[in-house]
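Working notes, beginning with the structure itself.
The values are calculated or read from the model by the stated rules, or taken from the named source; none is laboratory data. Remember, predicted model here, so these are calculated numbers, not experimental data. A quick note on method: Cβ atoms are made from the backbone with ideal geometry, for glycine too, and the neighbour counts reach across all protein chains shown.
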Amino acid sequence: MANDPGDVLDGLSALRRRVRGDRSGYWLPFLLFGLVVAGAVPWYLPSPCEGACTWSSAELPAFWHWLHPTGQASGLVGRLPSLGRDLYWMVALTIGFLVTVWWYRWRAGKVGVEISTRLYARVTLFVLAFPLLGVPVLTELFFNRLGWPVALAALVLGVVAVTLAAKRKLRTAVAVLALILVGHLVAIFPFGHLLVVAVGVLGLAWVERSALCTTFAVLFGVWALFVNGWATWVYSTVLWPVPLIDTGDLLSSSSILVLGGVAGLVTRRVRVTRSGANAG
């Protein structure tokens, strides 16, 4: 006797949910990047100087000027510009993204269900490399030497060329423009590297297709934009109580990632427990 089509569809739906649960592993990257963000706190503490903290761009290393060609992102009130801060983010984020790719490939070999990390790797490589190479080169070569009209024309032509070569043209154009914007904001916003983390976790939400992962990724992205906007344009008004005034921006951002990782881990454990009970 043939199987009931409804039963077959229910079985396929259950199999699809089980496979999605088996391949889910975003909890570890969320926890890892939560620690990365929290680890940046010491680099944002007020500088130990008496009275008003003053600084001269001539005292800063050449590599700092390369990373900040317009002289922006000079730090928050009471904090001197720091090359160490930039180096921390570059090293920590690079390690974090490499560990994430390794983690998903290791899990694919263990559970037998693979999530493609190719697109994720390309996007994260772009947002890591663009502030290091793209922004300085574009600023110096095009905007400073050739002028804004030529620079904008060259940028538009580049985006158009990439878009025409892609299969999904509208999505590609929006993604490229958004990534270029993020790359510039990293060099301008005081907590700009949170936007790089946001791109990473949003990329995880894209490959995971998980509602819970997407919720925390979007929440983190919105919060990263908020704290950067507040610190840039509304910092005259205190956002945090006095004990958290120097650490609240980063610790709150870190907490969102950690909560997302814990929620993902707990959800996975519950799913595995239920699957074992049903199998028994």
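Listed values, structure above:
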| item | result |
| --- | --- |
| Of the criteria (1) surrounded by 15 or more Cβ atoms within 10 Å (Cβ to Cβ); (2) within 22 Å of the chain's Cα centre (by Cα); (3) modelled with pLDDT of 75 or more, which one Thr117 fails | (3) |
| Selection count where residues are more than 22 Å from Val197 (Cβ to Cβ), modelled with pLDDT of 70 or more and out of contact with any Pro (no Cβ under 6 Å at 6 or more places or on another chain), scope region 64-104 | 1 |
| Output for region 165-183, where each listed residue is within 24 Å of Ser254 (Cβ to Cβ) and either surrounded by 14 or more Cβ atoms within 10 Å (Cβ to Cβ) or in contact with a strand residue (DSSP E or B) (Cβ under 6 Å, 6 or more places away or on another chain) (or both) | Leu179, Val182, Gly183 |
| Some residue of region 128-138 being surrounded by fewer than 16 Cβ atoms within 10 Å (Cβ to Cβ), over 20 Å from Asn228 (Cβ atoms) and at pLDDT 75 or above | yes |
| Filter result for the condition that a residue is farther than 16 Å from Leu32 by Cβ, in contact with a Phe, Trp or Tyr (Cβ under 6 Å, 6 or more places away or on another chain) and surrounded by 13 or more Cβ atoms within 10 Å (Cβ to Cβ), over Gly264, Gly248, Gly221, Gly158 | Gly248 |
| Pairs where the first residue, in region 71-98, is part of a loop (DSSP other than H, G, I, E, B) and of a type outside the set (A, V, I, L, M) and the second is at pLDDT 90 or above and surrounded by 15 or more Cβ atoms within 10 Å (Cβ to Cβ), C-beta under 9 Å, 6+ apart | Ser82/Tyr88 |
| Verdict on Ala187 being under 20 Å from Val41 (Cα atoms), within 15 Å of the chain's Cα centre (by Cα) and at pLDDT below 85 | yes |
| Residue list for region 168-216, restricted to those being touching a residue at least 60 places away in the same chain (Cβ under 8 Å) and basic (Lys, Arg) | Arg209 |
